[in-house]
Amino acid sequence: MQARMTNPAYVLPAAMKGIGTLFQAIGEAGLAQDLAEIVGLRASQINGCSACVHGHTVNLRKAGASEERIAAVSAWREAPYFTDAERAALRLTEKVTRLADRSEESVPDALWDEVADHFDEKELSALILTISVTNMFNRINTTIKEPAGTTWG
C-alpha cells in the first residue's frame, strides 16, 4: 500500500519547520512522553489513522509500556493500567477529538477542572497541543492514505 502523495509537511518545508518548532515547545513543557504517546494513540484510534496508531504503538513499546497497557488504550475506562491523571488526559483527548459528535460544550467545566487538578499550566498547554497536533496529522494521513508502518524523520 502506498500513500496518494508525499506528506504535505514534507512538500512544504516551511510547514515542517513550524511543526518542528511546535514539537520542541511541547517537549520543553514537562509533559511525560508516555502520556503524550497514550493520548496520541487514543486520538488516532478514534480518527482511524493507521499510520499514527502504528507509530504511537511503536513509540510506547520503545518507552517500555506493557502490551496489556497498549492494548487497553481503546478501553481505558475498564482497564486498571492508567493513573487518575492519565484517565483525565484520555477523557480530554476524546472530547477534543470528537468535536463533531458533541451535544454539549466541547470541554465541560468539570472535565477542565479534573484535568487542571493533575497538570500545571505548561503541562496542560503541552497536552492540548499534543492532542491538537495529533488530530492534524490524523487528518493529513487519512486524506493521503498514509499506510501503517510509515516512518518519519
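The values are calculated or read from the model by the stated rules, or taken from the named source; none is laboratory data. Predicted, not measured: the structure shown is a model, and the values here were computed from it. Neighbour counts run over all protein chains shown; Cβ positions are idealised from the backbone, glycine included. The accessibility values were calculated without ligands, DNA or RNA, using every heavy atom of the protein model including side chains. Shrake-Rupley method; radii C 1.70, N 1.55, O 1.52, S 1.80 Å.
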- Note on the structure: Counting sequence-distant residues (5 or more places) and residues on other chains, those with an amide H built under 5 Å from that of Lys145 are Arg4
- For the range 1-80, give the percent of accessible area contributed by carbon and sulfur heavy atoms, probe 1.4 Å, rounded to a whole number. 58
- Tell me, rounded to the nearest percent, the portion of alpha carbon pairs in the range 1-88 spaced more than 23 Å apart. 32
- Within the chain, excluding any trypsin sites (Lys or Arg not before Pro) found in a DSSP loop (not H, G, I, E or B) and having at most 16 other Cβ atoms within 10 Å, the longest uninterrupted segment runs 5-97
- Message: Return the Rg/Rh ratio of the range 89-153 with Cα-based radii and a Kirkwood Rh.
- Response: 1.05
- Message: Only sites in a loop by DSSP and with at most 16 other Cβ atoms within 10 Å count here; which GluC sites (Glu not before Pro) in the range 77-153 make the cut?
- Response: Glu104, Glu105
- Message: As a test of understanding, state the convex hull volume per residue of the chain from its alpha carbons, in Å³.
- Response: 120
- Query: Can you tell me the accessible area per residue over the range 90-146, all protein chains present, probe 1.4 angstrom, in square angstrom?
  - Reply: 55
- Query: chymotrypsin sites (Phe, Trp or Tyr not before Pro) within the range 56-125: which are DSSP loop residues with at most 16 other Cβ atoms inside 10 Å?
  - Reply: Tyr81
